[in-house]
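Undergrad: Got a structure here, written out as structure tokens. Questions coming.
The values are calculated or read from the model by the stated rules, or taken from the named source; none is laboratory data. Computed from a predicted model, the values in this text were never measured in an experiment. Note that each Cβ is placed from the backbone with ideal geometry, even for glycine, and that neighbours are counted across all protein chains shown.
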Amino acid sequence: MPIDLYITRWLPGVLLLAAGAAQGAGLSVTVKTDQGQPLADAVVTAVPVSGTYPEQVVVAAKNTAEIMDQINKEFVPFIKPVFADSSVYFPNKDNIRHHVYSFSPAKRFELPLYAGTPAQPVLFDQPGVVTLGCNIHDWMIGYIYVSETPWFTQTDSGGNATLPALPPGQYRVRVWHPAAATPQADTMKEITVANDSVTSNWVLQVKKGEIRPRRAPLPGSGGYR
């Protein structure tokens, strides 16, 4: 695979900076659980109320190739946001084969048992959440969030995220995370971006239990397959 494909995982931030030509301001976001804990990896999207986007941002976003790795029998990253019409490669960096699939309405696909990198990426052309699995390893769960807008970001370990340069206007901003019990539609806030930075906070109810299934132990040992 061309090495430049691995660089594109950083493109969402680059695209946001490209939008800075419109002289917009930054939107800083903090997402916490209802227990007061920071919520990492939450996806934050900003959709302009006007329904219009700078053409150069949309064109650049649709020309990206993204990466969802398989490392140590896990999907890496756990949650991958991409813009609709993006293609995603699924390289297998383990020394065993994986069988990647999804039954999600936004994208149904299957990559039968393979090692290395499939020759063709998977096109994600419909907005929505795509849950990934592996037929060989039941605990391998991952998510691709297909965004309807090129303006999206993801919270860090402290629950913080920034959209660094949005053109002035009104936006419908939403938050999604697989552990959230709060429906994404109920997280919507209308936020006005002008020339000054804007800050907004979310508190989401979270589901009980673990976000990821436990890895399966080897029979008679404390290790994992």
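Undergrad: Check region 20-41 and report whether any residue there is closer than 27 Å to Val122 by Cα, in contact with a strand residue (DSSP E or B) (Cβ under 8 Å, 6 or more places away or on another chain) and at pLDDT 90 or above.
TA: yes
Undergrad: Just the residues that are crowded, with 18+ Cβ neighbours inside 10 Å and in contact with a Lys or Arg (Cβ under 6 Å, 6 or more places away or on another chain), please, taken from region 103-139.
TA: Phe124, Val130, His137
Undergrad: Search region 111-129 for residues being assigned to a loop (DSSP other than H, G, I, E, B) and in contact (Cβ under 8 Å) with a residue 40 or more places away in the chain, and hand back the single one that is nearest to the chain's Cα centre (by Cα).
TA: That would be Pro127.
Undergrad: Output the number of residues of region 75-102 satisfying the condition of being within 15 Å of the chain's Cα centre (by Cα), surrounded by 15 or more Cβ atoms within 10 Å (Cβ to Cβ) and assigned to a strand (DSSP E or B).
TA: Summing the residues that are within 15 Å of the chain's Cα centre (by Cα), surrounded by 15 or more Cβ atoms within 10 Å (Cβ to Cβ) and assigned to a strand (DSSP E or B) in region 75-102 gives 10.
Undergrad: Sticking with this structure for a sec: Tell me which residues, restricted to region 45-80, are under 17 Å from Phe124 (Cβ atoms), of a type outside the set (A, V, I, L, M) and in contact with a Ser or Thr (Cβ under 8 Å, 6 or more places away or on another chain).
TA: Thr45, Lys62, Thr64, Glu66
For every residue, the table says whether it meets (1) more than 30 Å from Thr149 (Cβ to Cβ); (2) modelled with pLDDT under 95; (3) touching a Cys at 6+ places or on another chain (Cβ under 8 Å).
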residue	(1), (2), (3)
Val88	no, no, no
Lys93	yes, yes, no
Arg97	yes, yes, no
Val100	no, no, yes
Lys107	no, no, no
Leu113	yes, yes, no
Val122	no, no, no
Asp125	no, yes, no
Leu132	no, no, no
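Undergrad: From the list Ile144, Ile136, pick out the single residue that is of a type in the set (Val, Ile, Thr) and either farther than 16 Å from Lys73 by Cα or not in a loop (DSSP other than H, G, I, E, B) (or both). Let's see the steps before the verdict.
TA: Values: Ile136 fails: either farther than 16 Å from Lys73 by Cα or not in a loop (DSSP other than H, G, I, E, B) (or both).
Of the residues listed, the single one that is of a type in the set (Val, Ile, Thr) and either farther than 16 Å from Lys73 by Cα or not in a loop (DSSP other than H, G, I, E, B) (or both) is Ile144.
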